[in-house]
Amino acid sequence: MKKEQVVNCQFSVWYPIFKKHTIKSLILPLPQNVIDYLLDDGTLVVSGSDHNTQPTHTYNSDSNAEEDIQWSDDETTTTVTAPEFPEFNSKVLEAINALGGRVFPKLNWSAPRLVLRKWSELIPGGEFRCFVKENKLIAISQRDYTQYYQHILKQEEQICHAIQEFFSQHIQYKFLDEDYTLILYLCIVCVLQGRVWLIDLNPFGEVTDSLLFTWEELTSSGEITQQQDGPAFRYTTSEVTVQPSPCLSYRIPRDFVDLSAGEDAYKLIDFLKLKKSQQEDSEEEEEEESAPQ
């Protein structure tokens, strides 16, 4: 997997290409003062929140920087007030209203931007990860494979057909890479109508969860596609194979689970490696240009 493939999977890169086929979203650049606040140590509630009582940090002027934060009313301490971002808050509220009043916020891991996506009630049983190799859809996996969904078993043929139609008409040959994975969503009541939405794009490689496949299967030459004419489609076929879901265990957003599982984290690591490589190449070029002839 090339590092450029990781960069191409940034939301801000693929969203303009497939804007008509995904959830309506707005991308807001983060001002420098907001970035500084996010990078700063400690936990301060932003001024203007719904909480009437806001905790503040107090730092002991006589203590070393490495010591724990002291919470006290001692005269030798300095109180840090909560930050305010009136202009940015105004833009965020304006964007939320433009998206219907309910949104799902998401930080773009590779750039100081905030992505606001229109809130949509998505049923986990309607999400499928699709694997694309050399611009060909080779495999489809139920994303929430820890659970058994009866409708997938009953509508297997319709689901597979709807995904193939959507891919061939709206995705194939339009993305910047020929190897990638994508998450598609099919509403249960809309399967017969072939209504499909694009949810996300991820690199084709081990940094992405292969779900009900293995990366050895997916990367081996033709092993999956030789078994049948269309893409291989795998899903949980009975309640016997149901597994505990990390999402249900902790009641945390799916993005947090992906981050802990390594999906978004590895994308960030690969992006940082790419930036470092580019910086090293630039430094080498500068050294060669400055060398005596």
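The values are calculated or read from the model by the stated rules, or taken from the named source; none is laboratory data. Note that the coordinates shown come from a computational prediction; the quantities given were computed from them, not determined experimentally. Every residue, glycine as well, gets a Cβ built from its backbone with ideal geometry; the counts of neighbours run over all protein chains shown. Surface accessibility is based on the protein's heavy atoms, side chains included, excluding ligands, DNA and RNA. Shrake-Rupley method; radii C 1.70, N 1.55, O 1.52, S 1.80 Å.
Cβ under 14 Å from CYS187's Cβ, CYS187 left aside: what net charge do those residues give with Lys, Arg +1 and Asp, Glu -1?
Details: positive: ARG195; negative: GLU121, GLU127.
Within the 14 Å Cβ shell, the charges total -1.
If you take all other residues with their beta carbon under 13 Å from the beta carbon of VAL34, and give Lys and Arg +1 and Asp and Glu -1, the sum is -2. Once the other residues with Cβ under 10 Å from the Cβ of LEU114 are scored (Lys, Arg +1; Asp, Glu -1), what is the net sum? Taking every other residue near LEU114 into account, the sum is +3. Residues whose amide H falls under 5 Å from that of TRP119, counting only those 5 or more places apart or on a different chain, are ARG102, VAL103, PHE104, with hydrogens built in the peptide plane.
Placing dummy labels 7 Å off each Cα toward the beta-carbon, the span from GLN32 to GLU216 is 5.2 nm. Solvent-accessible surface (1.4 Å probe) assigned to TRP119 amounts to roughly 100 Å².
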